1. Which residues, taken from the stretch 53-80, are under 20 Å from T27 (Cα atoms) and assigned to a helix (DSSP H, G or I)?
2. Looking at (1) at pLDDT 95 or above; (2) part of a helix (DSSP H, G or I); (3) of a type in the set (D, E, K, R), which is the one condition that is false for E44?
3. For the stretch 4-43, how many residues meet the condition of being touching a strand residue (DSSP E or B) at 6+ places or on another chain (Cβ under 8 Å), buried (at least 17 other Cβ atoms within 10 Å of the Cβ) and of a type in the set (D, E, K, R)?
4. Kindly provide the set of residues from the stretch 57-71 that are open to solvent by less than 70 Å² (accessible area, probe 1.4 Å) and modelled with pLDDT of 85 or more, ordered by number.
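The values are calculated or read from the model by the stated rules, or taken from the named source; none is laboratory data. Just so it is clear, the model here is predicted, and its values are computed rather than measured. Methodologically, a virtual Cβ is constructed for each residue, glycine included, from the backbone with ideal geometry; neighbour enumeration extends over all protein chains shown. What goes into the accessible areas is simple: the full protein's heavy atoms, side chains included, and nothing from ligands, DNA or RNA. Shrake-Rupley method; radii C 1.70, N 1.55, O 1.52, S 1.80 Å.
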Amino acid sequence: MTSIDSVFTIVRDLILDLKDVDESDVTLDTNIESMEFDSLDFVEMQVVVQKKIGVAINPDSFVTRKIATLRQLCEFVVELKESTAVEA
């Protein structure tokens, strides 16, 4: 079972690799916009989530689902994972 904490660990580690930020600045309540991701960062996040968790994130989800924080992103990934597990 995929948990919000396990997804957050993967996402946080990726952010720490991509951005020059302190680990203490990357929390579940961190606003994604404050991370100043560029398009390549979003693509990298999609690839890492696909490889490590097994779900594909549609870039439009950030707009249609109003994903603003890392918590919302992690919750979305967990929902995707659970829905693909049910289909399998």
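1. Once the filter is applied, which keeps residues that are under 20 Å from T27 (Cα atoms) and assigned to a helix (DSSP H, G or I), the stretch 53-80 yields I53, F62, L70, R71, Q72, L73, C74, E75, F76, V77, V78, E79.
2. Evaluating E44 over (1) at pLDDT 95 or above; (2) part of a helix (DSSP H, G or I); (3) of a type in the set (D, E, K, R) leaves (1) as the failure.
3. Residues that pass the stated criteria total 0.
4. In the first step, residues of the stretch 57-71 are kept if they are open to solvent by less than 70 Å² (accessible area, probe 1.4 Å); the result is 57, 61-62, 67-70.
Those that are open to solvent by less than 70 Å² (accessible area, probe 1.4 Å) and modelled with pLDDT of 85 or more: I57, I67, A68, T69, L70.
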